[in-house]
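Asks: Here you go, one structure.
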Amino acid sequence: MLQVNEILRVKGHTLYTGTPDMPVSQAVESMSQLDIGSLVIMEHGELVGMLTFREIIRHMNAHANDAGQFTVRSIMDDAPVSVSPNTNFDEVQRLMLDKHARYIPVMDGPTLMGVISFYDMARAIVEAQQFENDMLKAYIRDWPADAESEAPRKQL
């Protein structure tokens, strides 16, 4: 069964983080420039929250005229669901669906290992299905020939 650490190995270990005291406008600018959908919010080396476009859109909807005066702390998800590197793929899928989470931090104890996105999960599914498809095609291609159909036919 596929595990989170295998997805992280393929994805890479690039992490984008922010601090709770950074202005929301700076977080939005960073996310836009980096073309990412989330920032892991760290304080004193510990995970304290997640900021995704969901929280930003909710904030912009409520405070359209003065959105730039707020810090990330005021809008971030301060209790994000997280998984360990050994969490299996099915559990991550269930958590993402149950919690409506598009991004889940991967924690090894207190250490942030990465973030798994809904996109990462979809890509892993497609790659696993392609691998299985290729293996089945190879198996069929190497199928032993039926001795009876291969034998020369007698002519009457």
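Asks: Would a scan of region 48-60 turn up a residue that is assigned to a loop (DSSP other than H, G, I, E, B) and within 22 Å of the chain's Cα centre (by Cα)?
Replies: no
Asks: Which one of these does Met50 not meet: (1) modelled with pLDDT under 95; (2) surrounded by 13 or more Cβ atoms within 10 Å (Cβ to Cβ); (3) out of contact with any His (no Cβ under 9 Å at 6 or more places or on another chain)?
Replies: Failed condition: (1).
Asks: Continuing with the same structure: Under 24 Å from His63 (Cα atoms) and in contact (Cβ under 8 Å) with a residue 24 or more places away in the chain: which single residue out of Val10, Val24 fits that description?
Replies: Val24
Asks: Just give me the residues in region 7-16 being loosely packed, with under 15 Cβ neighbours inside 10 Å and not in a loop (DSSP other than H, G, I, E, B), in sequence order.
Replies: Arg9, Val10
Residue by residue, here is whether (1) of a type in the set (A, V, I, L, M, F, W, C); (2) touching an Asp or Glu at 6+ places or on another chain (Cβ under 9 Å); (3) crowded, with 19+ Cβ neighbours inside 10 Å holds:
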{"position": "Gln26", "(1), (2), (3)": "no, no, no"}
{"position": "Gln33", "(1), (2), (3)": "no, no, no"}
{"position": "Val40", "(1), (2), (3)": "yes, no, yes"}
{"position": "His44", "(1), (2), (3)": "no, no, no"}
{"position": "Arg58", "(1), (2), (3)": "no, no, no"}
{"position": "Arg73", "(1), (2), (3)": "no, yes, no"}
{"position": "Pro85", "(1), (2), (3)": "no, yes, no"}
{"position": "Asp98", "(1), (2), (3)": "no, no, no"}
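The values are calculated or read from the model by the stated rules, or taken from the named source; none is laboratory data. The structure displayed is predicted, hence computed values, not measured ones. Positions of Cβ are generated from backbone atoms using ideal geometry, with glycine treated the same way; all protein chains shown enter the neighbour counts.
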